[in-house]
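A quick write-up on the structure given underneath.
The values are calculated or read from the model by the stated rules, or taken from the named source; none is laboratory data. Just so it is clear, the structure is predicted and the values come from calculations on it, not from any experiment. Ligands, DNA and RNA are stripped out before the accessible areas are found, and what is left, the full protein with its side chains, is counted by its heavy atoms. Shrake-Rupley method; radii C 1.70, N 1.55, O 1.52, S 1.80 Å.
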Amino acid sequence: MASIQIIDLEKHFGEVKALSGINLEIDKGEFFTLLGPSGCGKTTLLRTIAGFYHQDKGDIYIDGELINNVPAYQRNTGMVFQNYAVFPHMTVFDNVAYGLRVRKLPKDEISRKVSAALKSVHLEGYEQRTPDKLSGGQQQRVGLARAMAIEPRVLLFDEPLSNLDAKLRIEMREEIRAVQKALGITSIYVTHDQEEALVISDRIAVMNQGVIQQIGKPWEIYTNPQNMFVAYFVGKINMLTMHLEERAEGNLRRARLGRLSLLIPAEGTKDLQEVVVAFRPEDMVEAEAAGRKNEITGLMKTVSFMGSVARFELDVEGQLITVDRHRPREADMPQKGAPVAFAVPVESILLFDPKSGLRIGKGAQQ
Ligand code: ATP
């Protein structure tokens with residue numbers, strides 16, 4: 001188990017600033033995820049930690065040891081790749097033994113370590129197969145066993161599940177997490193899939209355009225996003241830019257958008273004329289149940305039945321608002337084109353400054 005510390009890391013590719021001002025501390029045994037859209041720099045960061053790229057600026061420490069000038073093969077990290085990267089002409093045994101042979105370990109020790117690694121990914125009995133006779137999920141297990149067999153200080157995962165189908169992804173992510181927990185290997189996991197990140201991680205760093213936007217536990221990231229990018233990227237959220245009325249009413253203030261008028265928390269809005277009012281689809285309630293407080297009326301645009309949830313999209317003042325209804329019943333489903341009324345409880349509203357995009361009011365950390 002190892003801790004990792006990254007200080008003021010920067011990496012350019014010509015004109016492209018792939019990473020800037022990256023600061024991170026990852027604890028021993030932690031499962032840490034880099035989450036962000038395509039091109040945000042997460043793979044570059046992972047590969048710089050592995051030593052495949054060299055940073056232009058900044059320091060990387062593993063267990064307190066500065067490794068800036070340590071070559072990749074001496075960093076003792078194990079990498080699991082998106083495209084499995086198993087050697088097609090080698091058997092499962094030889095694939096997993098590869099890194100151990102490079103390290104010139106005695107034969108019986110190699111045999112023991114390969115068996116242990118295959119056991120932990122449930123591939124005992126597959127030693128003599130070649131990868132072309134394995135499913136995608138099994139090939140990825142070989143990739144995982146090979147990375148683990150060398151007993152690395154750190155495991156690095158580069159979108160390891162993106163080539164698998166939806167059901168297998170869920171199975172494999174649980175397996176990866178179970179193996180990681182059992183062995184306690186510090187892990188850094190790259191994904192653009194926010195649900196995967198929420199499920200698998202101890203902590204998440206959300207990235208955009210080479211910059212870390214927020215670091216936190218899955219719950220913190222989802223319920224307490226610190227800027228509009230994080231709120232928008234993790235989960236679904238409605239955002240309305242609304243005009244603030246002058247006077248506060250106690251600790252509440254009125255915000256308007258056309259005919260829509262909402263009471264929002266006043267905290268943090270003092271010097272603003274406009275504010276971004278954000279709320280999640282699952283926090284919306286039926287207008288009547290809320291006593292018609294903070295009512296949002298609109299025209300039903302789309303109705304999607306998704307099993308445990310029905311998702312509605314309504315046109316409110318020319319903008320689309322998403323509402324989730326749990327335990328939907330067929331008889332209660334609204335008609336497309338019909339006027340509908342929901343409400344947003346004031347305590348589930350998050351506020352952002354429209355200029356800076358930063359969170360304001362209760363829950364803002366800066
Ligand atoms: P994806 O999910 O698509 O893999 P990512 O978040 O991992 O994206 P990176 O691959 O780290 O993003 O890329 C970050 C930025 O650096 C992008 O703008 C990309 O085009 C650029 N980039 C990455 N690798 C190189 C390279 N070898 N040469 C030039 N530019 C690169």
Practice prompt. Send over the Kirkwood Rh of the chain, from the inverse of the averaged 1/r over different Cα pairs, rounded to one decimal Å.
Written response: 23.2 Å
Discussion item. Taking the solvent-accessible surface of protein heavy atoms with a 1.4 Å probe, what is the per residue accessible area of the chain in Å²?
Written reply: 49 Å²
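Could you tell me the ratio Rg/Rh of the stretch 1-154? Both radii from Cα atoms, Rh via Kirkwood. Display every interim value, and only then the final one.
Numbers: Rg = 17.1 Å, Rh = 16.9 Å.
On the Cα set of the stretch 1-154, Rg over Rh gives 1.01.
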Discussion item. Mean-square fluctuation check for the chain, GNM, Cα pairs under 10 Å: which of P152, P106, P88 is largest?
Written reply: P106
Worksheet item: What percentages, rounded to whole numbers, describe P(r) for the stretch 293-346 computed over all alpha carbon pairs with 5 Å bin width beginning at zero?
Response: 5, 21, 30, 26, 14, 4
Discussion item. Cut-off 10 angstrom, C-alpha nodes, Gaussian network model of the chain. Which of S187, S38, S20 fluctuates the most?
Written reply: S38
Practice prompt. Run a plain Debye calculation on the stretch 98-189 (Cα atoms as equal point scatterers, no solvent) and give log10 I(q)/I(0) at q = 0.14, 0.16, 0.20 Å⁻¹, rounded to two decimals, same order as the q list.
Written response: -0.50, -0.66, -1.03
Discussion item. Can you give me the % of accessible surface on the stretch 62-108 that is carbon or sulfur? Probe 1.4 Å, all protein chains present, nothing else counted.
Written reply: 56 percent
Fill in: 5 Å-binned pair-distance histogram of the stretch 82-143 (Cα, whole percent)
4, 21, 32, 25, 14, 4, 0
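Can you list the equivalent-ellipsoid semi-axes of the stretch 182-294, largest first and in whole Å, using the square root of 5 times each Cα gyration tensor eigenvalue?
Working: eigenvalues 233, 55, 29 Å².
Semi-axes from the Cα gyration tensor: 34, 17, 12 Å.
In the stretch 224-272, carbon and sulfur make up what percent of the accessible area (probe 1.4 Å)? Please list the in-between numbers first.
Numbers: 1290 of 2590 Å².
The C+S portion of the solvent-accessible surface of the stretch 224-272 is 50 percent.
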Response to the item:
Helix 166-183 sits off the longest principal axis of the Cα atoms of the chain, rounded to the nearest 10 on a 0 to 90 degree scale, by 60 degrees
Fill in: Average Cα contact separation per residue, the chain, under 8 Å, 6 or more apart, as relative contact order %
15 percent
Worksheet entry | GNM result for the chain, Cα springs below 10 Å: residue of D283, D324, D165 fluctuating most strongly | D165
Worksheet item: Which of K236/K301; K119/K181; K42/K167; K181/K217 have a Cα-Cα distance over 19 Å?
Response: K42/K167
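Could you quote the convex hull projected area for the stretch 23-114, Cα atoms only and averaged over all directions, in nm²? Could you put the intermediate results ahead of the total?
Working: hull surface 32.0 nm².
The orientation-averaged projected area of the Cα hull of the stretch 23-114 comes to 8.0 nm².
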